Amino acid sequence: MTLPKGFGSGGAGGSSSSDVERMIGKRVENMTGMITISFIAAWLATFGGTAAGYFYYPWAYPTPSGHYAFIILTIIEAIGYLFCVKVMQEGSNKNSNGVIAATIGGVTAGTFLIVLTVGH
């Protein structure tokens, strides 16, 4: 990879990870926490959207339909979260399997709790 002037070792055009980090700023391998918080916020926003149907428009948005939408959207968000973290850490020594498992497990438990208690 050819780097701009002032980066790299000169000569062969090789680049080190510190050169690339200086060029693009903060490395994404360290952003697992931000992606996790974003995923949880998206999940809460999904519940907020379906809760509007549960509580404000129950005649137009039946509870089983809301539960189905909430579950399907949660699954899609969880798959996206998993891929984001795994792709972000590809090629690095970071390993966030525990964080991923705890987050998706907590969201799964929360989803079951919401589906089993809201509207019954």
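The values are calculated or read from the model by the stated rules, or taken from the named source; none is laboratory data. This one's a predicted model, so the numbers in the text were calculated from it and none came from an experiment. Positions of Cβ are generated from backbone atoms using ideal geometry, with glycine treated the same way; all protein chains shown enter the neighbour counts. Surface areas here come from the heavy atoms of the whole protein model, side chains and all, with no ligands, DNA or RNA. Shrake-Rupley method; radii C 1.70, N 1.55, O 1.52, S 1.80 Å.
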Failed item in (1) in contact with a helix residue (DSSP H, G or I) (Cβ under 7 Å, 6 or more places away or on another chain); (2) among the aliphatic types (A, V, I, L, M); (3) in contact (Cβ under 8 Å) with a residue 24 or more places away in the chain, with Leu82 passing the rest
(3)
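Any chance you could count how many residues in the stretch 46-61 are within 19 Å of Glu77 (Cα to Cα) and either in contact with a Leu (Cβ under 6 Å, 6 or more places away or on another chain) or exposed (fewer than 12 other Cβ atoms within 10 Å of the Cβ) (or both)?
Going through the stretch 46-61 one residue at a time, the tally reaches 2.
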Checked the stretch 68-110 for anything farther than 14 Å from Ala41 by Cα and among the small types (Gly, Ala, Ser); matches are Ala69, Gly91, Ser92, Ser96, Gly98, Ala101, Ala102, Gly105, Ala109
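Could you tell me how many of the residues in the stretch 62-120 are aromatic (Phe, Trp, Tyr) and open to solvent by 70 Å² or more (accessible area, probe 1.4 Å)?
Adding up the residues that qualify gives 3.
Every residue, every condition in (1) under 30 Å from Ala109 (Cα atoms); (2) at pLDDT 85 or above; (3) within 14 Å of the chain's Cα centre (by Cα); (4) among the aliphatic types (A, V, I, L, M), yes or no:
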{"residue": "Gly13", "(1), (2), (3), (4)": "no, no, no, no"}
{"residue": "Asp19", "(1), (2), (3), (4)": "no, no, no, no"}
{"residue": "Ala41", "(1), (2), (3), (4)": "yes, yes, yes, yes"}
{"residue": "Tyr56", "(1), (2), (3), (4)": "yes, yes, no, no"}
